[in-house]
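The values are calculated or read from the model by the stated rules, or taken from the named source; none is laboratory data. Here the structure is a predicted model, which means the values were calculated and not measured. Note that we place each Cβ from the backbone using ideal geometry, even for glycine, and neighbour counts take in every protein chain shown. Protein only, heavy atoms only, side chains kept; ligands, DNA and RNA dropped before computing areas. Shrake-Rupley method; radii C 1.70, N 1.55, O 1.52, S 1.80 Å.
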Amino acid sequence: MSKEIKIGLIGAGWMGKAHTTAFHNARMIFGDDMPVFELVSDVSEDAVAKFAKNMGYNRYTTNWMDVVTDPEIDLVDVATPNCMHYEMAKAALEHGKHVFCEKAMAYTVDECKQMYDVWKETGKVLYIGQQRLFDKKYIRAVELINSGEIGQIVALRNFWFRNNDWRRPVPSPEFERLINWRLYRDTSCGLMTELGCHHLQNGTWILRSLPDYITGSGDIVYWKDGRDVYDSVSTIYHYPNGVKMSFDSVIAN
């Protein structure tokens, strides 16, 4: 590389740790051709200080705008709750940074469109992270499907079942909605965004088209603990060629 690429991370949680670990492992294989993490931010000073020390960051901050505006940072990695992706990714692009943003792209379709428009205006790289695109099993499966080796696709079935309440411990009640953001509709779209989006990507990847309509339902069947997102969903996507794809998810399996 003619210039060492420096990454700023927003979000020092388990996903941020996963990103940092993956880059460190890649750097051990590919050497200095891989970017280096320089600056990390999180709302909790204790958490971000510990994260920076453990993961080898040079600097840390509790203000994510410090990452976006830092002149040393070339790429911003957004690993925060879904409802924050749009604001952070958009700001990073507007400040001349390349962006890797965890799925989901944003909280609403309108926010996705606005982020897309900003990306086009800035000319920077915007990459939305989807696990399946990096999974050798899925890559090989899609190759076999698209080559015609397994024959015509007439239906797709997807499911993702778990046995947990999706809840994380909180140090005190005021942190409930910040830490357990996945459980509330003002910060989360629930199972359809957290898990369903991966399977929707499978369908569009395999069929090379977008569904034209979807039917489905959801309920809080088991985890009646104050959450307001469903713990059980069942959907059917209809594609223009007539193929239907199902997705079911239950977290009290």
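Some notes on this structure:
- Among the residues examined, ASP212 does not qualify as open to solvent by less than 60 Å² (accessible area, probe 1.4 Å), more than 19 Å from the chain's Cα centre (by Cα) and either modelled with pLDDT of 95 or more or farther than 30 Å from ARG140 by Cβ (or both).
- Matching residues, the range 238-248, being in contact with an Asp or Glu (Cβ under 9 Å, 6 or more places away or on another chain) and either surrounded by fewer than 16 Cβ atoms within 10 Å (Cβ to Cβ) or not in a loop (DSSP other than H, G, I, E, B) (or both): HIS238, PRO240
- Those residues of the range 169-184 which are among the aliphatic types (A, V, I, L, M) and buried (at least 16 other Cβ atoms within 10 Å of the Cβ), in sequence order: ILE179, LEU183
- Selected residue (criterion: most open to solvent (accessible area, probe 1.4 Å)) from residues of the range 185-205 that are in contact with a Pro (Cβ under 8 Å, 6 or more places away or on another chain) and not in a helix (DSSP H, G or I): THR187
- Restricting the range 43-62 to residues that are in a loop (DSSP other than H, G, I, E, B) and out of contact with any strand residue (DSSP E or B) (no Cβ under 8 Å at 6 or more places or on another chain), the residue that is nearest to PRO81 (Cα to Cα): VAL43
- Screening LYS124 on (1) at pLDDT 95 or above; (2) among the charged types (D, E, K, R); (3) assigned to a loop (DSSP other than H, G, I, E, B); (4) open to solvent by 80 Å² or more (accessible area, probe 1.4 Å) shows it passes everything except condition (4).
- Some residue of the range 161-168 being hydrophobic (A, V, I, L, M, F, W, C), assigned to a strand (DSSP E or B), closer than 18 Å to HIS238 by Cα and open to solvent by 60 Å² or more (accessible area, probe 1.4 Å): no
- The set of residues in the range 88-118 that are farther than 21 Å from ALA18 by Cα and surrounded by fewer than 18 Cβ atoms within 10 Å (Cβ to Cβ) comprises GLU94, HIS95, GLY96, THR108, VAL109, ASP110, CYS112, LYS113, GLN114, TYR116, ASP117.
Table: residues versus (1) among the hydrophobic types (A, V, I, L, M, F, W, C); (2) under 24 Å from THR193 (Cβ atoms).
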residue	(1), (2)
ILE5	yes, no
ASP42	no, yes
ASP70	no, no
ALA79	yes, yes
ALA104	yes, yes
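- Residue in the range 187-206 that is among the hydroxyl-bearing types (Ser, Thr, Tyr) and more than 18 Å from PHE247 (Cβ to Cβ) present: yes
- Per this entry, LYS103 is counted among residues that are of a type in the set (Lys, Arg) and modelled with pLDDT under 95.
- Selection of the range 21-42 for residues being among the charged types (D, E, K, R) and in a loop (DSSP other than H, G, I, E, B) yields only ASP42.
- Any hit, the range 6-27, residues being in contact with a strand residue (DSSP E or B) (Cβ under 8 Å, 6 or more places away or on another chain), at pLDDT below 95 and among the β-branched types (Val, Ile, Thr): yes
- Sole exception among (1) part of a helix (DSSP H, G or I); (2) closer than 30 Å to GLY196 by Cα for MET65, by number: (2)
- The lone exception for GLY16 - which of (1) over 27 Å from ILE179 (Cβ atoms); (2) touching a residue at least 60 places away in the same chain (Cβ under 8 Å); (3) not aromatic (Phe, Trp, Tyr) it fails: (1)
- Condition met for LYS113 (over 25 Å from PRO81 (Cβ atoms) and either in a helix (DSSP H, G or I) or at pLDDT 95 or above (or both)): no
- Residue count for the range 139-154, restricted to those that are surrounded by 10 or more Cβ atoms within 10 Å (Cβ to Cβ) and closer than 20 Å to TYR237 by Cα: 4
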